[in-house]
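Heads up, the thing below is written out as structure tokens.
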Amino acid sequence: MDKLRVNEKEYTILKLLGKGKGGYSYLVKYGTDNYVLKQIHHEPCEYYQFGNKLESEINDYKRLKNLGIIIPEMLEVDSKNERILKEYIDGKTVYEMVLQNVNIDICIEQVKAMCKLLYPANTNIDYFPTNFVLQNKTLYYIDYECNDYIEEWNFENWGIKYWSKTSEFLKYVQEQK
């Protein structure tokens, strides 16, 4: 089984959770505990410009934490290897729930409550449904990415298009096959 180190600890990779614009996220194990290990990558992204990705993750985490957004704890940073160890939030993503026709009213209610904290602070998050996990009736934003507010990219104008089986959502599903 493959392993990755974060500073002095070695974590066993259980599976790849996903690849985002800034990195690969893995479900990893240390002892009996599960974590998410994000490995920053430097692959090009045609629709998004980055500065220092690791620094951005840390700054975005602090920004969201200060706003009261429910996110997984950032447990450790390995600057040398560009890795972040995060709390693992076990549950289904909103994306999975939409695919499985699960009622997500509780999720929509909670993301709108997040927006009430974000918008006055001139902040947007990535509202794509793979970035949200429902655990024990609490919705977590499991990514740390955030940007200055632009109305075009807020939940009501962009995100909501992917929170039900819209044409945009179904097109994305087809592209993943």
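Report the relative contact order of the range 92-175, percent, no decimals, based on alpha-carbon pairs under 8 angstrom and at least 6 residues apart.
Values: 96 pairs, mean separation 26.9, N = 84.
The value is 32 percent.
Let me know the charge dipole size of the chain about its Cα centre in debye, to the nearest 20, where only the beta-carbon of Lys, Arg (+1) and Asp, Glu (-1) is charged.
Here the size comes out at about 360 debye.
I need two numbers for the range 98-137: Rg to one decimal and Dmax as a whole number, Cα atoms only, in Å.
Calculated on Cα positions, Rg and Dmax stand at 11.3, 34 Å.
Any chance you could give the angle, 0 to 90 degrees and rounded to 10, that helix 105-118 forms with the longest Cα principal axis of the chain?
The angle comes out at about 80 degrees.
Please quote Rg/Rh for the chain to two decimal places, taking the Kirkwood radius as Rh and restricting both calculations to Cα atoms.
0.95
Please tell me the relative contact order of the chain in percent, rounded to the nearest whole number, where contacts are Cα pairs under 8 Å and at least six residues apart.
Contact order relative to length: 17 percent.
For the range 106-157, with only Lys/Arg (+1) and Asp/Glu (-1) charged at the beta-carbon, what is the dipole magnitude about the Cα centre, in debye rounded to 20?
That gives the range 106-157 a dipole magnitude of about 340 debye.
Starting from the Kirkwood radius over alpha-carbon pairs of the range 3-87, derive D by Stokes-Einstein at 4 °C in a medium of 1.567 mPa s and give it in µm² s⁻¹.
Details: Rh = 13.5 Å.
The estimated diffusion coefficient comes to 96 µm²/s.
Quote to one decimal, in nm, the extra length available between L99 and N81 on full extension: 0.36 nm per residue of separation minus the C-alpha distance between them.
3.0 nm
Taking only Cα atoms and a 10 Å spring cutoff, compute GNM fluctuations for the chain and point out the largest among Q39, Q135, Q100.
Maximum among the listed residues: Q100.
Over the alpha-carbon set of the range 92-175, divide Rg by the Kirkwood Rh and report the Rg/Rh ratio to two decimals. Working shown, then result.
On the way: Rg = 12.3 Å, Rh = 13.0 Å.
Ratio value, two decimals: 0.95.
Suppose the chain between E156 and D2 were pulled fully straight at 0.36 nm per residue; how much longer would it get relative to their current alpha carbon spacing? Walk me through the numbers on the way to the answer.
Numbers: separation 154, 0.36 × 154 = 55.44 nm, distance 4.09 nm.
Fully extending the segment from E156 to D2 adds 51.4 nm.
For every helix of n ≥ 4 consecutive DSSP H residues, a contribution of -39,500 (n - 2.57) applies; sum these over the chain, divide by its total residues, and give [θ] at 222 nm rounded to the nearest 500 deg cm²/dmol. Show your work: numbers first, answer last.
Numbers: 4 runs with 44 residues, N = 177.
Mean residue ellipticity at 222 nm (helix-derived): -7500 deg cm²/dmol.
No lab work stands behind these numbers, since they all come straight from the coordinates. Quantities reported herein were computed from a predicted structural model and do not represent experimental measurements. We place every Cβ from the backbone using ideal geometry, glycine too, and count neighbours over all the protein chains shown.
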